[in-house]
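Structure first, then comments.
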Amino acid sequence: MLDLSTILATLAIILFAGTVKGVVGLGLPALSIGLLGLIMPPAEAVALVMVPALVTNIWQMCAGPHLSALTLRLWPLLLSGFLATLVGLWTGFLAADHGGAASAAIGAVLVTYGALGLSPLRLSVPPRREPWLAPVMGAVSGLVASFTGIVMVPAVPYMEALGLRRDELVQAVGLFFTVSSAALLLGLAQAGVMGTSVAALSVASLVPAVAGMAAGQWVRRRIRPDAFRVVFFLGLIGLGIHLLARVVL
């Protein structure tokens, strides 16, 4: 049973992460899991984020005319990511968190993603390499997601390297995140992590997630999103270092 302070902290964190997503277009699961990981076990933090993450990702996936074309192009990435997530969750690494290993893994992923977001390096994937590279990237991303609950690395950098237009990329990210979130939700439920109280709070978190996204979109029209993205990625790096330090020190 979750106590009142944990419930209030969870709702506040989801509201904050939803606002960030509304401004920069990403970050709700990663930021939520990183912050919730400071006050609860990693598997529980991931489970609490799953419902708002899944719903907001479906919203992002459906907001555009490219869904059919992207599904046909990215299905090897989607399928391998889905299966690898289930296989990774089957190992029990995330739920067990022996010695804080899962918390450290979450910290490492946040630092990696923040560094990639700040890097000026832009990769390119030639079409001839997609048939074999897509399932590899999907499998690696699925394993990372199963160990940390964070589905960004290396799937998002890979999709950015495909040369998709901005609106296509946003929809492609929503599509991959939807599939990965569904796999996480299914695997965590099967592992018994999604108990009644956790599931109820995850559903309730939809309200602050959507409210935060709406507020973030309002803020986006009044600030420089690029400058905010820099602060966001720096924040992810700082949060990741803190999670690593808690385990190491």
So how far, in whole Å, is the C-alpha centre of segment 29-107 from the one of segment 195-235? 16 Å
Theoretical gain in end-to-end length, Ser119 to Ala211 [0.36 nm per residue, Cα-Cα removed]: 30.0 nm
Stretched out fully, how many nm does the piece from Arg128 to Arg222 gain, at 0.36 nm a residue minus the Cα gap? 29.7 nm
Mind listing the phi-derived Karplus ³J(HN,Hα) values for segment 135-140, rounded to whole Hz, using 6.51, -1.76 and 1.60 with θ = phi - 60°, and x for any glycine or proline? x, 5, 5, x, 5, 5
If eta is 1.567 mPa s and T is 4 °C, what Stokes-Einstein diffusion coefficient results for segment 4-248, Kirkwood Rh from Cα pairs, in µm²/s? 73 µm²/s
Distribution of pairwise C-alpha distances over segment 1-112, 10 Å bins, in %: 12, 37, 36, 13, 1
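Values in this text are rule-based calculations from the coordinates and carry no lab data. All values reported here derive from a predicted model rather than from experimental measurement.
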